[in-house]
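**Student:** Please read through the structure below; I'll follow up with questions.
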Amino acid sequence: MRLLFFIILFGVGYLLYHLYGKKLLKQGKAGLIKPALILLGVLLILAVLTGRANAIFAIIGGLLASAFRLAPLVFRFYPQIRELLHKFGFKGFADQRGSRVTTTTLSMTLNHQSGQVDGEITGGEFQGQRLSSLTLDEVKTYYNFCSTQDPQALRLIEVFVHHQHPDQREDNYWNKSRQYDGGSSSGNNPTMSAEEALDILGLNTGASKQEITYAHRKLMSKLHPDKGGSTYLATRVNQAKDLLIDQLSD
């Protein structure tokens, strides 16, 4: 009787695979989730029918108990674990967070992993578009608009242009920000709130000193002027780190 049950089960599984399985597998990782859940359900049913459910639940309970005991340690050393896994090629554990710096008409983002910068325009003629979707001439138009309407955005646009159009680095056209900071490439940075500091470092409220330090180090490896980065953004990152660390000390 049991043999007949397994034969029927195998036949049903084979039929389902040819009818639906192949299509789901072609969808990549997302397509594997549903079959995996179905397989797990089938295995649990089999365990109940064969009297092995108690052993399986005991193993699951033991794993959960171990996970709860190890959780504080994992959270404490999460930045180091994530970086170590990434070095060994586990891309799924790569840092996908991003930093955001906002002005009146621009929300600039920096991907921590790739170092790519882009921005969503929130005011003016190109509102709702991304800098990366504009032609260089259109970026110039928006840049000129910001020179009178949003001076803080000038440095961010310059950072974007230097990243996306390296041939423009030596063009003096992209130096309008200097008239607002006395010729300094960094200038006097506006007062920063805790919320802005968290956005810049890509952190959530309640971030620990270790998380702040890790995010700062990660960003500075991309933004440090000695490595071809942006003096202005590096200054803002340092400012964000100092503010958040000082708050932890209070």
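The values are calculated or read from the model by the stated rules, or taken from the named source; none is laboratory data. It should be emphasised that the depicted structure is a prediction, and the values quoted were computed from it without experimental measurement. In this analysis, Cβ positions are derived from the backbone assuming ideal geometry, glycine residues included, and neighbour counts consider all displayed protein chains.
**Student:** Output the residue which, of all residues in region 189-211 that are without any contact (Cβ under 8 Å) to a residue 12 or more places away in the chain and not small (Gly, Ala, Ser), is farthest from residue 223 (Cα to Cα).
**Tutor:** Result: 205.
**Student:** Which count do you get for residues in region 191-220 that are modelled with pLDDT under 80 and within 22 Å of residue 161 (Cα to Cα)? I'd like the intermediate steps shown before the answer.
**Tutor:** Taking region 191-220 and keeping what is modelled with pLDDT under 80, we get 191.
Checking which are within 22 Å of residue 161 (Cα to Cα) leaves us with none.
Qualifying residue count, region 191-220: 0.
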